[in-house]
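Participant: Below is one structure. I have some questions about it.
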Amino acid sequence: MSLASHYAYGVTILLMVAGLFIVIARGNLVKKLVGLAIFQTSVYLLYIAPGKLIGGTAPIVAPGFAVYSNPLPHVLILTAIVVGVATLALGLAIVVRIREAYDTIEEDEILAADQAEDERQR
Amino acid sequence: MRGDLVLRVVAKLFIPFMLLFALYVQFHGELGPGGGFQAGVIIAAAVVLYALIFGLPAARRLVPDRVVESMVAGGVLIYAGVGVAGLLLGGNYLDYFVLDRNPVHGQERGIFWVEAGVAVTVSGVMLKIFYMFAGRGRDPEDV
Amino acid sequence: MAVLVIAIAARRNLFSVVMLAGIYSFLMASVLVALDAVDVAMTEASVGAGISTVLLLAALYLTKGEEAKPIHRPWLPLAVSIVVAAALVYGSLGLPAFSDPAAPIHAHVVPRYLQESLRETGVANVVTAVLASYRGYDTLGETTVVFTAGAGVIALLRLRRRAQQRKDKP
């Protein structure tokens, strides 16, 4: 086991942690969603990289090729990509509504507005 | 962007090719990369391009809201309908072998219709979401 | 891509963040092609770099903002990220090496898909055959998820229009 054989996992982990950092460290809601999208793409890499066989080809049966890369992760990740964009669209719709309700999309200001509202109601 | 001549001409050249490419991707999904999802997204992207260059009301006239909404639901119905057809013809739900006398042809038929349903729903949803987002900022003037 | 991601985290102008995210999607699609995942690459390019960028730009147009200066120093999130990264690296040491033909992912059901799909379904693209035929239920669920997302967005963003129309009518 050398560094080169696990290089793909290293890249995946770097992207995953970067996405996670953007989600938890940045207050702007749209940027959080972008960080979430980055996190999701790192998971795609996590699934597809182990399926690749060096010397193989894309999993389309054709004469002349004997070794194919694994098609099963491709199927799962295809579904995951489409579901990911669906959730991104829903998240953005919610952000638009938040913006219309609070007039801001910074998480700190929204929390402060909520706390002020609670204080006023008490 | 409505008045810019270069953009209008280039868009008029591009959009038919994009739609043609989407159809190619859809039907060629069995022989090469492609399939329903990619084709649906490319169709939606072509209409989005039209809306960006010629304005949202023109796009709404070209692909009205009713059509888009029926596409959104229709694709899922096509997919489920293939499954029910499998039931009615004597097999299990979503069983493609019974769709034709030759089971392999039945598979191909089933896959064709299923991918078509997927493409219809995906393009409908992407386009509808774009319409909702783009129409929200300036709603009172043009619907 | 690491440089891109760090730039996305650092820049405050949201428009440039969206553009960088689009570039990131294209790079990811190229990496996927290098990994022989052509269907996935086409989907990632069209969906990630196309539709995602359009939706993000539309949302930016509707929410109009720059990112404010962060009040908290990001030490705690940075520490959490490093701890998570270390745990993941420790976990990945047990995973099979890159392009190992003996890895368990290539055993079990995949050889059957690769060998039998052309004969059983008549479709050369194994990914399409698995997606639409062998695992058709999952694709039905996914189509329903896309439909639900569309319905959700309609539900979220529609009410105001009816209220507007009620306001406009005398």
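Participant: For A:N28, which sequence-distant residues (separation of 5 or more, or a different chain) have an amide H within less than 5 Å of its own amide H, given hydrogens modelled in the peptide plane?
Facilitator: A:E107
Participant: Take the cross-link list B:K12/B:K128; A:K52/B:K128; A:K32/A:K52 and give me the ones stretching past 25 Å between alpha-carbons. Present the calculation step by step, with values, prior to reporting the outcome.
Facilitator: Values: B:K12/B:K128 22 Å; A:K52/B:K128 36 Å; A:K32/A:K52 31 Å.
Correct reply: A:K52/B:K128; A:K32/A:K52.
Participant: Around B:Y96, what is the net charge, scoring Lys/Arg as +1 and Asp/Glu as -1 over all other residues with Cβ under 9 Å from its Cβ?
Facilitator: Working: positive: B:R109; negative: B:D95, B:D100, B:E108.
Around B:Y96, the surrounding residues sum to -2.
Participant: Run through every distinct alpha carbon pair of chain A and return the Kirkwood hydrodynamic radius in angstroms, one decimal place.
Facilitator: Working: mean 1/r = 0.0572 Å⁻¹.
After inverting the mean inverse Cα-Cα distance, the result is 17.5 Å.
Participant: Now for a separate question. Can you find, among A:V11, A:A58, A:G27, the residue sitting farthest towards the positive end of the charge dipole of the range A:4-121, where Lys and Arg contribute +1 and Asp and Glu -1 at Cβ?
Facilitator: Toward the positive end, the furthest listed residue is A:A58.
Participant: Still on this structure, please answer the following. Can you give the mean number of other chain Cβ atoms that lie within 10 Å of the Cβ atoms in peptide B:62-73? Write down the numbers at each step before the final one.
Facilitator: On the way: counts 0, 0, 0, 0, 0, 0, 1, 3, 0, 1, 6, 3.
That average works out to 1.
Participant: By the scheme Lys and Arg +1, Asp and Glu -1, what is the net charge of all other residues having a beta-carbon under 13 Å from that of B:I111?
Facilitator: Neighbour charge sum, excluding B:I111 itself: -4.
Participant: Enter the angle in degrees (range 0 to 90, nearest 10) between the Cα long axis of helix A:107-121 and the first principal axis of the Cα atoms of chain A, meaning the one along which they spread out most.
Facilitator: Result, in degrees: 40.
Participant: Just to confirm the number: angle between the C-alpha axis of helix A:7-25 and the first principal axis of chain A, 0 to 90 degrees, nearest 10?
Facilitator: Value to nearest ten degrees: 10.
Participant: Still on this structure, I have one more. Using Cβ contacts closer than 10 Å as the measure, can you line up B:F21, B:F37 from fewest to most?
Facilitator: B:F21, B:F37
Participant: While we're here: To the nearest whole number, what is the average tally of beta carbon atoms from other chains within 10 Å of the beta carbons of peptide C:111-124?
Facilitator: Values: counts 2, 0, 6, 8, 2, 0, 4, 4, 2, 5, 10, 10, 10, 7.
Counting Cβ atoms of other protein chains within 10 Å of each residue's Cβ and averaging gives 5.
Participant: For the range B:122-129, in order, what is each residue's ³J(HN,Hα) by Karplus, 6.51 cos²θ - 1.76 cosθ + 1.60 with θ = phi - 60°, in whole Hz (x at glycine and Pro)?
Facilitator: 5, 5, x, 5, 4, 5, 5, 4
Participant: Here's a follow-up. How many nm is it between the label spots at B:R61 and A:D114, if each spot is 7 Å from the Cα in line with the beta carbon?
Facilitator: Each label point is offset 7 Å from its Cα along the Cβ direction, giving 4.6 nm.
Participant: With the radius of gyration and the Kirkwood radius both derived from the Cα set of the protein assembly as shown, what is their ratio Rg to Rh?
Facilitator: Working: Rg = 23.1 Å, Rh = 23.3 Å.
Reported Rg/Rh (Cα atoms, Kirkwood Rh): 0.99.
Participant: For n ≥ 4 DSSP H runs only, could you compute -39500 (n - 2.57) per run for chain B, divide by its residues and tell me the 222 nm figure to the nearest 500?
Facilitator: Details: 5 runs with 107 residues, N = 143.
Calculated from helices alone, the mean residue ellipticity at 222 nm is -26000 deg cm²/dmol.
Participant: Let me ask you something else. Give the average, rounded to an integer, of partner chain Cβ atoms located within 10 angstrom of each Cβ in A:106-117.
Facilitator: Details: counts 7, 1, 4, 1, 0, 0, 0, 0, 0, 0, 0, 0.
Across the residues of A:106-117, the mean count of other-chain Cβ atoms within 10 Å is 1.
Participant: Also, quick follow-up: Using only Cα atoms, tell me the angle between helix A:29-48 and the longest principal axis of chain A; keep it within 0 to 90° and round to the nearest 10.
Facilitator: That helix lies at roughly 20 degrees to the long axis.
Coordinate-derived values only; no laboratory data. On a predicted model such as this, the values are computed, not experimentally measured, just so you know. Cβ coordinates were reconstructed from backbone atoms using ideal geometry, including for glycine residues, and neighbour counts include every protein chain displayed.
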